[in-house]
1. Find the residue count for region 156-175, including only residues that are open to solvent by less than 100 Å² (accessible area, probe 1.4 Å) and among the charged types (D, E, K, R).
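The values are calculated or read from the model by the stated rules, or taken from the named source; none is laboratory data. It should be emphasised that the depicted structure is a prediction, and the values quoted were computed from it without experimental measurement. Keep in mind that these areas ignore ligands, DNA and RNA; they rest on the heavy atoms of the full protein, side chains included. Shrake-Rupley method; radii C 1.70, N 1.55, O 1.52, S 1.80 Å.
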Amino acid sequence: AEGITGAGNEHWVLPTHLAKLLCQRTTAGKQQGGSGAAMAAAAAFAATQVGASETEEGIIVETNYRVYAYTSSPLKRRVLELFCLQEYCLPNLFVGRLARDSCTAAFEAGIDAELIIDYLRRNAHPQAERLRQKGSGVPQPVVPETVADGIRLWEAETRRMEMAPAAFYDNFDSPQLFLASLRHARQQKKLLWADQAKQRLAVPLDYYNDMRAFIKQEKAKA
């Protein structure tokens with residue numbers, strides 16, 4: 001929306017076409033949200049099984065990653081804030097933007113990319129599919145593919161492998177020695193990787209001397 005100043009310093013708001021479309025009607029009621037973000041996420045993401053209600057028009061996602069949600073529900077707004085940066089709110093309109101930082105925060109909270117995309121799809125505005133019509137008349141996804149792919153890419157970035165110096169152990173004298181070493185590494189919370197079938201394990205390089213001393217001690221017991 002754009003603001004202008006008229007005579008007498010009166011402020012007026014000129015709504016955009018999209019805002020006019022979404023704000024044609026007011027909602028009949030409001031849903032009550034929980035006290036915490038986790039409660040809101042659990043309740044509203046569960047609601048995706050039935051999609052948007054008759055009184056909640058739903059969500060439009062644009063190719064520029066902007067999200068328009070026709071809702072007056074504090075619960076749904078709180079859920080959107082889990083993965084969207086809020087830009088502004090009207091009484092029955094939430095406007096936000098999908099961003100790397102906001103989505104990464106959602107991933108760290110246990111909300112994966114597919115859950116976000118599925119939520120946006122199931123709660124899509126009834127007009128979303130019509131607005132996505134191209135010249136060919138073929139309906140486009142209510143969540144643009146570029147946006148869906150972008151969310152998935154941000155999630156993949158959080159799963160990148162990290163290189164760290166490590167000490168690798170194999171060729172144990174016996175299965176008992178391997179199991180004892182594996183148990184010791186786990187108890188000390190130093191186990192980085194293990195392959196029990198081939199009796200191999202890895203620990204941080206700075207734990208090399210301690211691990212070596214433990215294995216030497218176990219050999220002496222045998």
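1. 2
For (1) of a type in the set (Gly, Ala, Ser); (2) closer than 30 Å to Phe107 by Cα, each residue gets a yes or a no:
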position: Glu162; (1), (2): no, yes
position: Tyr169; (1), (2): no, no
position: Gln176; (1), (2): no, no
position: Leu192; (1), (2): no, yes
position: Asp210; (1), (2): no, no
position: Lys216; (1), (2): no, no
position: Ala220; (1), (2): yes, no
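Okay, residues lined up against (1) open to solvent by 30 Å² or more (accessible area, probe 1.4 Å); (2) not in a loop (DSSP other than H, G, I, E, B):
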site	(1), (2)
Leu177	no, yes
Leu191	yes, no
Ala197	yes, no
Leu201	no, yes
Ala220	yes, yes
